[in-house]
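Working notes for the structure below.
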Amino acid sequence: MTLSTPLKTLTAAVLGAMAFSAQAAEYEWTFQTSETAGEPQFEMKKQWAENVETMSDGRIAIEILPVGAVVQANQTLQAVKSGILQGHLTDPSYFTGQNPAFGMIGNLVGAWSDPYDFLDYMNNAGGEEIYNKLAEPYGVHLIGAAATGLESLPSSREIKTVDDMKGLKLRAPEGMVYNIFEKAGATPVNLPGSEVYTSLEKGVIDAADYTVFATNQAQGLHEFANYPNYPGFHSLPMVAVSLNKEIWDGLPDDLKQILSTSVDAMAYKMVGQLKTRDMEAVREARQDPDIHIVDMSAEERAKFRGIAQEEWQVWSEKNEITGEFYESVVSYLKNHNLLPEEAGQSSGEQSSDDASS
């Protein structure tokens, strides 16, 4: 049987596609995230992996796994260094116990009111370079920084002022977040994110430093914590997209560029998508008469920031990296008119002009 020219062409194309799909990628990696499967951020990170495969013409294939799939959330740093994982997409605050700089850079509490400012600092003002100075001795290279967005604060008690935090049983991770809420008068409780829902439901905690408004709403937290603070005034966690340093060092320059570009694209897309989801969730929540959204005043936000700044200074003295980061980020915030108060100034010493900023 003789095939016609069009059929020969089609057959050749199909065989070529089959050969390409059967060809193994040059690099096959497994990354673990800090989200459970199905969460919006988890799906965004899976999309990033697919984009990397497309951009690299199939030379890089990345499998994205949910939190706890291989190791616990606070163990991915060692797992990436040892090669159990090749990379992770996670909040560096999980590694505060290994070096306080991870907690300080991962979530400088009270510093950022807009995730785009944070991304600008990390990308263009030296933040990523400082982070790599910290991470590379641990065998991990930061490809790029992303951010979840400014977190909400679900609470079963109305928090309109800093004084309202007194005695508040509040879930917070170890490190700077924990310390600052404690200074503000709350009673922090160190719980994993997986226990937030049941702890709020049973009244073990009154509030939670957890994640963005839309995720809290989707998970039903506002059924028990029906006084959510939005926009949040406290946490904006970094997402560190990192690769084993030996692997990174051995990559050709074109693949390094593809990875860096892909992370930057994901970072800005993630912020935009999460902000859109938050706005939709807020509109939905406002239709529920049992949910009361609290927007803390500028004066009270300034008081909280003053407390946070005192803790920044404490942490800046922990080691060389925390000191370098403190000087760098405070300089950025002041130069961009994002820090009108003097760092370390107590809330009681703020001027009325500062408090209204």
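The values are calculated or read from the model by the stated rules, or taken from the named source; none is laboratory data. Note that the structure is a prediction, hence the values are computed from the model and not measured. Quick reminder, even Gly has a Cβ in these numbers, built from the backbone with ideal geometry, and neighbours come from all protein chains shown. Each accessible area value is taken on the protein alone, full model and side chains, heavy atoms only, with ligands, DNA and RNA left out. Shrake-Rupley method; radii C 1.70, N 1.55, O 1.52, S 1.80 Å.
Observations on the model:
- Residue-level analysis places L119 among those that are crowded, with 17+ Cβ neighbours inside 10 Å and within 19 Å of A265 (Cβ to Cβ).
- Residues in the stretch 155-173 that are over 21 Å from Q217 (Cβ atoms) and of a type in the set (K, R) were compared, and the one that is surrounded by the fewest Cβ atoms within 10 Å (Cβ to Cβ) is K166.
- Residue tally, condition open to solvent by 30 Å² or more (accessible area, probe 1.4 Å), in contact with a helix residue (DSSP H, G or I) (Cβ under 7 Å, 6 or more places away or on another chain) and of a type outside the set (D, E, K, R), over the stretch 41-89: 7
- Any hit, the stretch 84-91, residues being hydroxyl-bearing (S, T, Y), part of a loop (DSSP other than H, G, I, E, B) and modelled with pLDDT of 90 or more: no
- Some residue of the stretch 341-357 being open to solvent by less than 60 Å² (accessible area, probe 1.4 Å) and at pLDDT 95 or above: no
- In the set (1) over 30 Å from S82 (Cα atoms); (2) open to solvent by less than 10 Å² (accessible area, probe 1.4 Å); (3) over 22 Å from the mean Cα position of the chain (by Cα), the condition left unmet by L255 is number (1).
- The listed residues are V204, V177, and the only one of them that is in contact (Cβ under 8 Å) with a residue 12 or more places away in the chain, open to solvent by 30 Å² or more (accessible area, probe 1.4 Å) and among the hydrophobic types (A, V, I, L, M, F, W, C) turns out to be V204.
- Counted residues, the stretch 266-323 - those being in contact with a strand residue (DSSP E or B) (Cβ under 8 Å, 6 or more places away or on another chain) and of a type in the set (K, R): 0
- Scanning the stretch 223-248 for residues that are farther than 17 Å from G110 by Cα, open to solvent by 10 Å² or more (accessible area, probe 1.4 Å) and not polar (S, T, N, Q) returns E223, F224, Y227, K245, E246, I247, W248.
- Any hit, the stretch 18-39, residues being closer than 22 Å to L251 by Cβ, assigned to a helix (DSSP H, G or I) and not hydroxyl-bearing (S, T, Y): yes
- Among residues of the stretch 315-334 that are open to solvent by 10 Å² or more (accessible area, probe 1.4 Å), those with a Cβ under 8 angstrom from a residue that is acidic (D, E), sequence gap 6+ or separate chain, pair up as S316/E327; G323/E317.
- Of all residue pairs spaced 6 or more apart or on separate chains, those with beta-carbon atoms under 7 Å, a first member in the stretch 292-305 that is of a type in the set (D, E) and a second member that is in a helix (DSSP H, G or I) are E299/A355; E300/V162.
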